Amino acid sequence: MSLFRIFINQLEEDDQEMATSKKVITRGEWEKKLNAVKLRKEDMNTLVMNFLVTEGFVEAADKFQRESGTKPEIDLATITDRMAVKKAVQNGNVEDAIEKVNDLNPEILDTNPELFFHLQQQRLIELIRQGKTEEALEFAQEELAPRGEENHAFLQELEKTVALLVFEDASNCPVKDLLDISHRLKTASEVNAAILTSQSHEKDPKLPSLLKMLIWAQNQLDEKAVYPHINDLSTGQLEDPSD
Amino acid sequence: MPTTTSSSSSSAASSSGNRQADVFSRLASSDPEVKLKALREVKNQIIGNRTKKLSFLKLGAVPAIASALSDADCSSNSSILVQSAAALGSFACGFEAGVQAVLDAGVFPRLLRLLTSSDEKVVDAGARSLRMIFQSNQAPKYDFLQEKNMEFLFSLLNSENENVSGLGASIIAHACGTSVEQQVLCDAGVLEKLVLLLDGSLSQREACLESLATVLKSNPEAVSRFVGLEAGRYMSSVTELTKDRYPRTRLLSCLCLVVIYNTSPSYFLNMGTKSSLVTTLLELLNDPGQSGDEAALGLSSLIAEKEDLQKLAYEANAIKNIVDILKTGSELNPKRLQGLFLSLAELCSKLEDCRCSFLSLEMLDLLVNELRHKNADVRTAACICFRNAARSIKNLSAGRFTTDHVMLPLVQLLHDPSSSVQVAVLGALSNIVLDFSSPKSTFIEYGGIKQLIELSKSMDPNTRCSSLRALRNLMFLADNNRKELFYSEVKAQGFVALISDPEPSVQEQALALLRNLVDGCINSIEFVFDEDGLILDTVGRQLRKAPQAQMAIQGMYVLTNVASGTELHKEAVMQQLFPQPQAESNNFMLKFLQSHESQLRSATVWTIINLISPSSPGALDRHVKLRNEGIIPQLKNMVNDACLDVKIRIRTVLSQSMSFGDN
């Protein structure tokens, strides 16, 4: 290529950079900036412990405490109780879960009408799943209908749930989502959150929020600069912008 | 399917009833294992389930559980203690009938004893159930003035157990009522103890905020003490908590700040704090639960009588927000409705922009609907809303309030069984009848006059006062027909009774009403001469009785208006002022002229102006009489009266005087 050609190409590239007017940061520069940020080991340990405790991994939390010296934010014994409740709901043993919650703290269900309704609702769903139609009808009459009377806000969901009883094949009706296992998980999550709140613990671990913040920050920075991204959160690998 | 459903529903009812009876009978078992199981069953059935609480209550479960607890207390059976205490606590949780039953069962002292148990679970159960009881209005009175009780209270606050310390705070929050109690608590150092709970768990923080609000309410000393703690650190903490992630914490901290603001506003010089308090409460209005209900009342309390805060709220879109909530169509809790209407009323109390904004949002229909709400507080709040919105002259003269649609329900409320509703609707009508735009009055057509007169005879002095105020406004610049209509219902005797009412405030309104009645054309003056001048005599008599200033002002204006009439009228007034035989310097005119109230001095001078107006024949003689009684000389001394209005009137009198050849 002639010198002139090279020169013209260079000008074109310059033009392009000026048109986008975004700062370009090379991998080298970026990694240098990252290394300049100081993190404390204790903070990271706290994050890990917070995750283990909130999600309910008791044994892992206990081991981690012993190995790192990080103190758990709450008594690990209470985690065991809480996990028992969560597990009971996930397995469809709602009555058992209710008894356990009441042993843990009788105020939770007494002061959380929405949660109580959802647990009763789940009980009904389990009865229907097991094909115990008579028992389900009785239960709907005795336990769920009063909830609707006590609180009109529940009527709509109540109607949806009772609709399950009307269809011959509940697993193929419009409200079949209620029978999905994910509904159990949703209810389990709700109970877990309520117990955590009653223990003055935040119901969500910090780690997901930090990761969301990372993604948001990258989106914001994208408007101003070109730089290596973390695209795969599970690996945290830096990927060059041109890839 | 339908037949199966109905038969299974009846079998459901009977089998559930059977099951309940069965577990109930097992409660009384002598076998502790069976009893324990039964207790757990009852507990698990009633928690969260108001319907079950009611049905077990009817079976008599509470006394049965109470006796189980007593027996277990003697035999120290922890499990039974825990389960029975938890069951009783659940009965008392947010369920007034349950609280009543628990207290009636006499188990309260037993529950207190549980707090001293060595078993932490027993302590927890006892503390929780006691806290439920203390959240009710029916909780036993706690005598803070007894040293023993104070010691106990502080032992609770000092406890490591968060349920126990929370109980201590709860007792304060719900049982502390008088300023004496507040003082005793503060002197004992309760504030210093409570603030420690701010750094504790969620429930401790919330209990602390509630109790702080109770101790600080309307007590400037307590407030200054609190703000002074650690150079304002805890005041900042409470302010920070208004941004907490839990809505109930935000609400309770806001309510605490509202209490402080209402008691000692000087701590809120920072506009930013005021503004964020208003906006936080506005946000909380959207909370569907109890927090939203209390936020509405909190907001109305905050902005009451404070124009600057009302403006802040208006600028923060308060009216639109509240109207949106009201229009959602879902059944709102009476407490929330009351709070929302009171907030709207406060917003409209002084600011015309608010009133116009509110009325432009098609709210009248909704408001009219709520006049029929079954809760008296809601009806009262709706009326107050009407009253304040009707202060908008623009909208009033546009006839928005005098349509049948609005007027009829309002008039119907004059018969409301609740006196607070009556007073509130009278307030609304007082403003609405000032609509001069239409020649006919819907109100009168609905027989309003008769009803107002009826209410002026009510047992409640507030009602009498408010109805007279409404009548007073109704007679303002009224035509003869209206006046005749009114007078025919009252007559002289009726008026005498009103003017002689035992309550000074009622007398004042009666005289103001009379003043408006005789104002205007000369014929109106004849009312006071009816039945041999009975009314005029009564007015004179009341004035001679050394009345309160406000009453005297209205009375003198009555005389002023009468003295603006014919020669006969003026002479009649002179008769009242100087009756013969004259008692020892019973000259109330002199006293009035020396009053501190400028309005009274002014009214008296006006009477004199009318009495000696040169155009009437007897003016000279009357002038002589006034001079002899020392009135004119007194006026000469008042030439430099502090009140400009009085000064000008006196100059008028003195120039009239000079025309009679008086130096």
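Here the condition is being surrounded by fewer than 18 Cβ atoms within 10 Å (Cβ to Cβ) and closer than 22 Å to B:Ser419 by Cα; of B:Lys311, B:Lys335, it holds for B:Lys335 alone. Among the residues of region B:39-74, those identified as in contact with a Phe, Trp or Tyr (Cβ under 9 Å, 6 or more places away or on another chain), within 14 Å of another protein chain (Cβ to nearest Cβ) and not hydrophobic (A, V, I, L, M, F, W, C) are B:Gln45, B:Gly48, B:Asn49, B:Arg50, B:Lys53. Considering each residue of region B:118-142, count those that are assigned to a helix (DSSP H, G or I) and either touching a Phe, Trp or Tyr at 6+ places or on another chain (Cβ under 9 Å) or within 25 Å of B:Gly177 (Cα to Cα) (or both), and give that number. Going through region B:118-142 one residue at a time, the tally reaches 9.
Residues in region B:56-97 that are among the small types (Gly, Ala, Ser), surrounded by fewer than 18 Cβ atoms within 10 Å (Cβ to Cβ) and in a helix (DSSP H, G or I): 6 in all. Selection within region B:228-253: residues that are more than 20 Å from B:Gly298 (Cβ to Cβ) and among the hydrophobic types (A, V, I, L, M, F, W, C). The member of this set that is modelled with the lowest pLDDT is B:Ala231. So for region A:184-196 (the condition being part of a loop (DSSP other than H, G, I, E, B) and within 20 Å of A:Phe116 (Cα to Cα)), does at least one residue qualify? No: region A:184-196 contains no residue that is part of a loop (DSSP other than H, G, I, E, B) and within 20 Å of A:Phe116 (Cα to Cα). So is B:Ser343 touching a Lys or Arg at 6+ places or on another chain (Cβ under 6 Å), crowded, with 17+ Cβ neighbours inside 10 Å and of a type in the set (S, T, N, Q) or not? No.
Summed over region A:42-59, the residues that are over 14 Å from A:Lys71 (Cβ atoms) and among the charged types (D, E, K, R) give a count of 2.
In the set A:Leu178, A:Leu164, A:Leu185, only one residue is more than 11 Å from chain B (Cβ to nearest Cβ), on the phi < 0 side of the Ramachandran plot, in contact with a Cys (Cβ under 8 Å, 6 or more places away or on another chain) and touching a residue at least 24 places away in the same chain (Cβ under 8 Å); that residue is A:Leu164.
Remark: pairs (first residue in region B:632-657, under 12 Å from B:Leu593 (Cα atoms); second residue at pLDDT below 90 and hydroxyl-bearing (Ser, Thr, Tyr); Cβ separation under 9 Å; 6+ apart in sequence or on different chains) = B:Ile632/B:Ser657; B:Leu635/B:Ser657; B:Lys636/B:Ser657. Based on what the data block shows, is B:Leu477 in contact with a Phe, Trp or Tyr (Cβ under 8 Å, 6 or more places away or on another chain), on the phi > 0 side of the Ramachandran plot and not basic (Lys, Arg)? In short, yes.
Scanning region B:619-663 for residues that are within 45 Å of the chain's Cα centre (by Cα), surrounded by fewer than 12 Cβ atoms within 10 Å (Cβ to Cβ) and part of a helix (DSSP H, G or I) returns a single hit, B:Leu644.
Kindly evaluate B:Ala92 against the criterion of being within 20 Å of B:Gln20 (Cβ to Cβ), within 12 Å of another protein chain (Cβ to nearest Cβ) and either modelled with pLDDT under 95 or out of contact with any Leu (no Cβ under 8 Å at 6 or more places or on another chain) (or both). Judged against the criteria, B:Ala92 is a match. Of all residues in region B:424-474, those satisfying the criterion of being surrounded by fewer than 19 Cβ atoms within 10 Å (Cβ to Cβ) and modelled with pLDDT under 90 are B:Leu434, B:Phe436, B:Ser437, B:Ser438, B:Pro439, B:Lys440, B:Ile444, B:Glu445, B:Tyr446, B:Gly447.
Inspect all residues belonging to region A:73-91 and state whether any of them is closer than 20 Å to A:Asp204 by Cα, aliphatic (A, V, I, L, M), without any contact (Cβ under 8 Å) to a residue 24 or more places away in the chain and within 14 Å of chain B (Cβ to nearest Cβ). Looking for residues that are closer than 20 Å to A:Asp204 by Cα, aliphatic (A, V, I, L, M), without any contact (Cβ under 8 Å) to a residue 24 or more places away in the chain and within 14 Å of chain B (Cβ to nearest Cβ), one finds at least one in region A:73-91, hence yes. Summed over region A:101-131, residues that are within 11 Å of chain B (Cβ to nearest Cβ), surrounded by fewer than 20 Cβ atoms within 10 Å (Cβ to Cβ) and part of a helix (DSSP H, G or I) total 5. Of the residues B:Ser179, B:Ser201, B:Ser136, the single one that is closer than 30 Å to B:Tyr261 by Cβ, among the small types (Gly, Ala, Ser) and out of contact with any Asp or Glu (no Cβ under 7 Å at 6 or more places or on another chain) is B:Ser179.
The values are calculated or read from the model by the stated rules, or taken from the named source; none is laboratory data. The structure displayed is predicted, hence computed values, not measured ones. With ideal geometry, Cβ positions are generated from the backbone for all residues, glycine too; neighbour counts draw on all protein chains shown.
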